[in-house]
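A quick write-up on the structure given underneath.
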Amino acid sequence: MGQSLVQNYIHIVFSTKYCQHLIHPPYEEELHQYLAGICKELDCPALRVGGYTDHVHVLCKLSKNIALFLLVKELKMNSSKWMKTRHETLSSFYWQNRYGAFSVNPSEVDRVITYIQNQHEHHRRKTFQEEYRAFLIKYRVDFDERYVWD
């Protein structure tokens, strides 16, 4: 009997609606843990979840049993509902409609983990928009700036 062997590392990035700065302590770490839990439930173990006040990064192994868009849909839908229960000021919490997902070479996994761990330091110098634009350029993604932000 043959086996399907898969090892796909995926770096997923998405922002709050209109890049609003809504992810603050004490909810930030809880949100990251919640997102990691969703990944685990979907057989896509998270290697690192992190981010900043207006976005998150998820580095995970994509299961052979789920399409990427379904993983992202579950992450965003469930975590958005969860965030709304944390505090009345988050009752209108939403994620942006779009997302970025980038394959990661296994030899680069540790570098991406470190990058995600250092998001607060990184965003002292660079906005999320600058960071995301740089990802799109690095990975040679054709994009129209008018449709990237919502």
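Yes or no: ASP142 charged (D, E, K, R), outside any helix (DSSP H, G or I), over 18 Å from LEU31 (Cβ atoms) and free of Cβ contacts under 8 Å to residues at least 60 places away in the same chain? Judged against the criteria, ASP142 is a match. Scanning the stretch 19-47 for residues that are more than 19 Å from TYR99 (Cα to Cα), part of a helix (DSSP H, G or I) and in contact with a Lys or Arg (Cβ under 9 Å, 6 or more places away or on another chain) yields TYR27, GLU30. Taken as a whole, the condition of being over 22 Å from PHE143 (Cβ atoms), part of a helix (DSSP H, G or I) and either open to solvent by 80 Å² or more (accessible area, probe 1.4 Å) or modelled with pLDDT under 95 (or both) does not apply to LYS73. Residues that are buried (at least 19 other Cβ atoms within 10 Å of the Cβ) and either under 14 Å from TRP95 (Cβ atoms) or of a type in the set (S, T, N, Q) (or both) within the stretch 53-70 comprise ASP54, HIS55, VAL56, HIS57, VAL58, listed in sequence order. Scanning the stretch 112-128 for residues that are surrounded by fewer than 15 Cβ atoms within 10 Å (Cβ to Cβ) and farther than 23 Å from TRP149 by Cβ turns up THR114, GLN117, ASN118, GLU121. Number of residues in the stretch 1-18 that are without any contact (Cβ under 8 Å) to a residue 60 or more places away in the chain and either assigned to a strand (DSSP E or B) or farther than 28 Å from LYS64 by Cβ (or both): the value is 0. Within the stretch 6-21, no residue satisfies the criterion of being among the small types (Gly, Ala, Ser) and on the phi > 0 side of the Ramachandran plot.
The values are calculated or read from the model by the stated rules, or taken from the named source; none is laboratory data. Here the structure is a predicted model, which means the values were calculated and not measured. Neighbour counts are summed over all protein chains in view; Cβ atoms, including those assigned to glycine, are modelled from backbone coordinates with ideal geometry. Calculation scope for accessible area: heavy atoms of the full protein, side chains included, ligands and nucleic acids excluded. Shrake-Rupley method; radii C 1.70, N 1.55, O 1.52, S 1.80 Å.
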